[in-house]
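Worksheet: the structure to be examined is printed underneath.
The values are calculated or read from the model by the stated rules, or taken from the named source; none is laboratory data. Not measured: the values here are computed from a predicted model. Cβ coordinates were reconstructed from backbone atoms using ideal geometry, including for glycine residues, and neighbour counts include every protein chain displayed. The accessibility values were calculated without ligands, DNA or RNA, using every heavy atom of the protein model including side chains. Shrake-Rupley method; radii C 1.70, N 1.55, O 1.52, S 1.80 Å.
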Amino acid sequence: MATTQPRYTDDHAKAGLDFAFPAIETWRNQFPGYEIEIDDPELTSVCPKTGLPDFGTLLIRYMPRERCLELKSLKEYLFCYRNLGIFQENICNQVLEDIVKATEPVWAEVKGVFRPRGGIGTTVVARWPRPQE
């Protein structure tokens, strides 16, 4: 009996997460208790297994504490995903981690809506604080 190799390996699953993403710049918040929503309608990346392009919309929502995201810096950060082999789920979680690192918000959410490829679209939502396991 022949053994089959997994089609997706742990290396595929971790692909892109070791990339040296640039720090996202911030500026000092002046007001308490409000929400910021940022929409990137043209996020692109590459499937780490097939090399095919992925297209999606990224919606970032957060309540700032002391720091707000500087938008040009965020745009340059998101541009790093363009040719990066990374799963869609990892994009949303990595962006969330980097936003939390930069701003230490009250709360944050990153929602990725990825266009269908092979007939299947994907929506991923990552939230901070993370749910307790």
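Tell me, what are the semi-axes, in whole angstrom and largest first, of the equivalent ellipsoid of the chain as set by the roots of 5 times the Cα gyration tensor eigenvalues? Don't skip to the answer; put the middle values down first.
Numbers: eigenvalues 180, 46, 38 Å².
Computed over the chain, the values are 30, 15, 14 Å.
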Subject >> Formal net charge of residues neighbouring Leu58 (Cβ-Cβ distance under 15 Å; K, R +1; D, E -1) >> reply: -4
**OP:** Heads up, I need the accessible area for Trp107: 1.4 angstrom probe, whole protein in place, Å², nearest 10.
**Re:** 60
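Please give the calculated 222 nm ellipticity per residue for the chain, where each DSSP H segment of at least 4 residues contributes -39500 (n - 2.57) and the sum is spread over every residue; nearest 500 deg cm²/dmol?
Working: 3 runs with 30 residues, N = 133.
It comes out at -6500 deg cm²/dmol, rounded to the nearest 500.
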Subject >> Between helix 88-103 and the chain: long-axis angle, C-alpha atoms, 0 to 90°, nearest 10 >> reply: 20
Subject >> Peptide ranges 63-74, 7-18, 30-41 listed from the most packed, as the mean C-beta count within 10 angstrom indicates >> reply: 63-74, 7-18, 30-41
Original post:
Using a cut-off of 18 Å between alpha-carbon atoms, which aspartates and glutamates can reach Lys72, once sequence neighbours fewer than 8 places away in the same chain are excluded?
Top reply: Glu25, Glu37, Asp39, Asp40, Glu42, Asp98
**OP:** Could you tally the net charge around Glu37, taking each other residue with its Cβ under 13 Å from the Cβ of Glu37, Lys/Arg +1 and Asp/Glu -1?
**Re:** -2
**OP:** Note down the relative contact order for the chain as a percent, whole number, built from C-alpha pairs under 8 angstrom at least six residues apart.
**Re:** 27
Original post:
Among the lysines, which have Cα under 21 Å from the Cα of Lys14 when same-chain residues fewer than 8 positions away are ignored?
Top reply: Lys49, Lys101, Lys111
